[in-house]
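So the structure is just underneath, and the comments pick up after that.
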Amino acid sequence: MASSTNAPTTTKNVSGNTAKPKIPLYEAATQFRNWRFSVDGLAKLRASMNQVAVDAIRKKIEADQPGSSETVSFLTPNEEVLLVKLYLTKITQLCTMFRFPEEIEATATSYLKRFYLRNTVMDWHPKNVMLTALFLATKTCNFPISLETYTKHIPRTQPSDVLDLEFLVAQSLSFEFTVWHAHRALWGIWLDVQSLPDAPVQLQPDLYNAALGHVRASRLTDAEFIYTPSQIALAAFSMEVPEIATRWAESKNSEEHKINLTLSEEIKSLILADGKPPNVDAVREADRRLKLCKNPEKVPGSKAFLAKKAEEEREAAEKRNKKAAQVQQALNDGDPFGNDVDKPRNGLVDYDDDDDD
């Protein structure tokens, strides 16, 4: 995992004793604790999840049609990432159409990428997950839009396409909806460099917009899982004005806090290599094979789908029958609300006490 640009600092309280180290706000966030990985750790996580999914789906295919899984070409972890990446670009298109602010686009992008660190495209196709992640982001970013208005403007989309997955997406995010974004850090750097000693009289807004373009490109990469938002922002700014970015970083260095400029070069390389839409032909091939290796329990009409549906209905019926039996038993006992209501409660006023007697 890449090291943070911030290091805990210690202070002394009024009594002269050394206080606990101050932890930067970002390091106290769930994003830092639960959604940061090393490059190798991220690759191993995806490979492990992919293998577990392949083994489970293979068994289900065999149960549906014995021997048929031998000819199935399952998706690799890289092909799964490729498909998700395509739908990351769809988020940008939809945000442009709805005129959603930058915060929603960035948040929805993070939600979609996080979802597929805990799920596979062979279970859940990215299209509807993307639509759900974007709709969820409008809520968590306090930019609400009605579900009917949202789905009405997206071809071949019904409200159920979003609602059916909303809890699953939220659960996969561990209900951790707050996201720290690089575009906010970039804005902070942009404001800060204006006060640098011997800074240019006026930095042109085009420089900021170009740097923001690099931040947006970083959303198509794994940068946010490996580096902090401030590191990504500094790298994006450095891609446009490296001299000023270096001077700004040096102005922030102190004994307790040193900025590692080497990380900026790593992030630049990552953005340049992966920060562009995926190859269309490669995506089409992966999507074609996905139709053949998708979890049969998610394919309406398949034996596995019908069996799972029947099992779910049986379990639901059992729960309803159990609940009905409990209610009937309470009615037979003559007290559907339990036996505690007639017990005297100490300390309560007896409003039935009549002083006129």
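Every number in this text was worked out from the coordinates using simple rules, so none of it is lab data. This is a predicted model, so every value here is computed, not measured. Cβ coordinates were reconstructed from backbone atoms using ideal geometry, including for glycine residues, and neighbour counts include every protein chain displayed.
For this structure, a couple of remarks:
- FRET efficiency for S254 and T149, using Cβ-Cβ distance with R0 set to 51 Å, rounded to 0.05: 0.55
- Amide hydrogen neighbours beyond the local backbone of K22, cut-off 5 Å, H modeled: T9, T10, T11
- Note on F175, F115, F98: ascending count of other Cβ atoms within 10 Å places them as F175, F98, F115, the fewest first.
- Extension gain for K139 to N279 (0.36 nm times residue separation, less C-alpha to C-alpha distance): 47.2 nm.
- Here the contact order of the range 180-274, divided by its residue count and restricted to Cα pairs under 8 Å and six or more residues apart, works out to 34 percent.
- Karplus-derived 3J(HN,Hα), 6.51/-1.76/1.60, for each residue of the range 86-94, Hz, glycine and proline x: 4, 7, 5, 5, 5, 4, 4, 5, 5
- Length gained on full extension, E265 to T30, computed as 0.36 nm times the residue gap minus the Cα-Cα distance: 82.0 nm.
- When L134, L220, L191 are arranged by Cβ crowding within 10 Å, least crowded first, meaning fewest neighbours, the order is L191, L220, L134.
- Spin-label zone in the range 47-69 - amide nitrogen under 15 Å from a point set 7 Å from the Cα of E318 along the C-beta vector: none
- Relative contact order (%) - criterion: Cα under 8 Å, at least six apart; region: the range 28-179: 24 percent
- For the range 180-274, convex hull of alpha carbons as volume per residue, Å³: 90 Å³
- Nitroxide proxy distance, nm - points 7 Å out along Cα→Cβ at V327 and D206: 7.1 nm
- Simple label model, 7 Å out from Cα along Cβ direction - T157 to E102, nm: 2.3 nm
- For the range 151-166, 3J(HN,Hα) per residue [Karplus equation, 6.51 cos²θ - 1.76 cosθ + 1.60, θ = phi - 60°, Hz, x = Gly/Pro]: 6, 4, 8, 10, x, 6, 10, 10, x, 5, 4, 8, 5, 4, 10, 4
- Counting beta carbons within 10 Å around each of M130, M97, M49 and listing the fewest first gives the order M97, M49, M130.
- Against the empirical curve 2.2 N^0.38 Å, the C-alpha radius of gyration of the range 81-154 lands at a ratio of 1.03.
- Once both labels are positioned 7 Å from their Cα atoms along Cα-to-Cβ, the gap between A56 and K44 label points is 2.1 nm.
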